[in-house]
Amino acid sequence: MIRILHNYFPTRTLVLWISEAVLISLGFLAATVARLGIGDAALMFNYQHGSLKIFVVSAAIITCMYYFDLYDSSILGNRREMLIRLAQMLGTVYVVLALLYYFYPPLELGRGIFVVGLLFVAMLLAFWRRLFVMMNSVTDFADRAVILGEGPLAELLEQECESRPELGLRVVGRVLPIGNGRSPADYLHGECARDLFGIDTDDILPRAIKIFRANRIVVAMDERRGKLPVELLLSMKCRGVHVQDGVEVYETITGKVPIESIRLASLLFSPGCYASRFHLFYKRFASIVVSIAGLLVSLPLLPFIVLAIKLTSPGPVLYRQRRVGRDGRVFHCYKFRTMRADAEADTGPTWALDDDPRITRVGKLFRQARLDEIPQLWNVLRGDMSLVGPRPERPEFVSALSEEIPYYHLRHSVRPGITGWAQIRYKYGSSVEDAKEKLRYDLFYIKNMSVGLDLLVFINTIKVILLGSGAK
């Protein structure tokens, strides 16, 4: 895994991204030579900025591939879905660049090079993606890991590694603690054939490493006091075996914190949890500048939004709702009304559901385009909210969720945001389990908050808005 903008990306995915950028450029270079010949192609590159034109096309294709989730693990492993999205991506690129060439003709490749280049690129990408998936499935190319321990964290780690071959990490065995109700024979045959019994002897871990030919140990024990063989692990680390903490591995590959196995010390000593003066100044300055710019840009849309709300349902245009902010302070959050004025008259505060009948027809469109959240820029300008942070929740829900979800109060240690890490990585929450999952992402943001991570959230927020995902 490689850390970029305070988030971790699989090395193989980055290699795929770089290699495809090269292939796309080569595809258009080949199209240029095929259409013009070597002599005229050289003339184009020397005097007509051919390299710049190919760079623009390549950058547009790579950007569209990212926005169509073509580097997502679930898409990489689904050949049919991948081919469909490749076709959609190429169609979008064709339309976008056609518009660009219409308004700025000097960037046009000309003489059919663009169309021929797209055909070459489609064939190259389809072939290379197929080859990449085949190489990903070869287990000999992956690191072989043994998990030390059992419980929710160990199970989650194994599931993630099995479902995401691009991580390059294969769980080949486990070493389980004594006293789990199983006999030693269970660990040598049948369903437990990959598991070894006991951690109280000095030879069990070296035996596991030898049997499974592993080069990595991931410690995923829920209870470590008096049970963790520290000296043995240190000895094996000095012999070249990579020893990692299971919580850190889980955070690295998922972008969230396992609240069931979290140790508060990991948050206490995390550099991201420290809000330096520079970070506080940057967050506030950026919030003021962007909120003012956002309000000015949205001014032409406001009359149409107001008119649409008034014509489709009776009631006020703006909806004011109490939310919990930093340090538990309650403030009024403003939004354009997207539900009936009496939406909670009978039920009281409730989460929005899929196809919620309380949402008006125009309100559904506003939610998908996130237009209903424009008034929250006023909350940002006032200092109630920031641009990036955990989404503020209603006091009625906070009281209930704090009792059911451990460490829920920690999300109130920072100023809430219009968008956040949980919003771009998870769906709209409408249950306690959804709130728990979002907390895992919120704690990851709090632990790693930085300028780079905020920038990454902004980039992905644009993608979420354009694709209309996650809205209710």
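The values are calculated or read from the model by the stated rules, or taken from the named source; none is laboratory data. Since this is a predicted model, take the numbers as computed values, not measurements. Using ideal geometry, Cβ is built from the backbone for each residue, glycine included, and neighbour counts are taken over all protein chains shown. When the accessible area is computed, the model is the full protein with side chains, heavy atoms only, and any ligands, DNA or RNA have been set aside. Shrake-Rupley method; radii C 1.70, N 1.55, O 1.52, S 1.80 Å.
Condition first: at pLDDT below 85, open to solvent by 40 Å² or more (accessible area, probe 1.4 Å), out of contact with any Pro (no Cβ under 8 Å at 6 or more places or on another chain) and not in a loop (DSSP other than H, G, I, E, B). Can you find one or more residues in the range 70-77 that meet it? Even if it seems obvious, please write down each step before you answer.
Start the filter on the range 70-77 by keeping residues that are at pLDDT below 85, which leaves 73-74, 76-77.
Going one step further and asking which of them are open to solvent by 40 Å² or more (accessible area, probe 1.4 Å), we end up with 74, 77.
Next cut, out of contact with any Pro (no Cβ under 8 Å at 6 or more places or on another chain) only: 74.
Pick out the ones that are also not in a loop (DSSP other than H, G, I, E, B) and you get 74.
There is at least one residue in the range 70-77 that is at pLDDT below 85, open to solvent by 40 Å² or more (accessible area, probe 1.4 Å), out of contact with any Pro (no Cβ under 8 Å at 6 or more places or on another chain) and not in a loop (DSSP other than H, G, I, E, B).
Of the set (1) small (Gly, Ala, Ser); (2) modelled with pLDDT under 90; (3) assigned to a helix (DSSP H, G or I), all apply to Ala345 but (3). Can you tell me which residue within the range 204-225, out of those that are in a loop (DSSP other than H, G, I, E, B) and not hydrophobic (A, V, I, L, M, F, W, C), is farthest from Pro258 (Cα to Cα)? Here the answer is Arg213.
Scanning the range 418-466 for residues being part of a helix (DSSP H, G or I), open to solvent by less than 40 Å² (accessible area, probe 1.4 Å) and β-branched (Val, Ile, Thr) gives a total of 5. Among the residues of the range 378-394, those identified as over 18 Å from Tyr426 (Cβ atoms) and open to solvent by 20 Å² or more (accessible area, probe 1.4 Å) are Trp378, Leu381, Arg382, Arg394. Considering only residues of the range 233-265 that are open to solvent by 30 Å² or more (accessible area, probe 1.4 Å) and touching a Leu at 6+ places or on another chain (Cβ under 8 Å), which is modelled with the highest pLDDT? Top of the filtered list is Val243.
Would you be able to say whether some residue in the range 29-47 is under 17 Å from Ala126 (Cβ atoms) and either acidic (Asp, Glu) or modelled with pLDDT of 85 or more (or both)? Yes, because at least one residue in the range 29-47 is under 17 Å from Ala126 (Cβ atoms) and either acidic (Asp, Glu) or modelled with pLDDT of 85 or more (or both).
Just to be sure, is Pro165 touching a Gly at 6+ places or on another chain (Cβ under 9 Å), open to solvent by 20 Å² or more (accessible area, probe 1.4 Å) and either under 22 Å from Leu233 (Cα atoms) or at pLDDT below 90 (or both)? Yes; evaluated as a whole, the condition is true for this residue. Only one of the listed residues (Tyr426, Tyr407, Tyr445) is farther than 18 Å from Val324 by Cβ and touching a residue at least 40 places away in the same chain (Cβ under 8 Å). That residue is Tyr426.
Taking Glu108, is it of a type in the set (D, E, K, R) and over 29 Å from Val138 (Cβ atoms)? So Glu108 fits the description; yes. Residue count for the range 125-145 under the criterion of being open to solvent by 50 Å² or more (accessible area, probe 1.4 Å), of a type in the set (Val, Ile, Thr) and out of contact with any strand residue (DSSP E or B) (no Cβ under 8 Å at 6 or more places or on another chain): the result is 1. Restricting to the range 146-161, name every residue that is buried (at least 17 other Cβ atoms within 10 Å of the Cβ), out of contact with any Leu (no Cβ under 6 Å at 6 or more places or on another chain) and more than 10 Å from Gly246 (Cβ to Cβ). Passing the criteria: Val146, Glu158, Glu160. Of the residues making up the range 266-299, those that are assigned to a helix (DSSP H, G or I), open to solvent by less than 50 Å² (accessible area, probe 1.4 Å) and at pLDDT below 85 are Ser266, Leu267, Gly272, Cys273, His279.
A single entry from Arg391, Arg415 fulfils the requirement of being basic (Lys, Arg), within 22 Å of Lys463 (Cβ to Cβ), part of a loop (DSSP other than H, G, I, E, B) and modelled with pLDDT under 95: Arg391.
Among the conditions (1) modelled with pLDDT of 85 or more; (2) assigned to a helix (DSSP H, G or I), Val146 misses just one, which is (2).
Scanning the range 308-342 for residues that are part of a helix (DSSP H, G or I) and surrounded by 19 or more Cβ atoms within 10 Å (Cβ to Cβ) yields a total of 3.
A count restricted to the range 10-64 and to residues that are surrounded by 15 or more Cβ atoms within 10 Å (Cβ to Cβ) and not in a helix (DSSP H, G or I) stands at 1.
Residues in the range 348-377 that are in a helix (DSSP H, G or I), surrounded by fewer than 19 Cβ atoms within 10 Å (Cβ to Cβ), of a type in the set (A, V, I, L, M, F, W, C) and touching a Gly at 6+ places or on another chain (Cβ under 8 Å): Ala369 alone.
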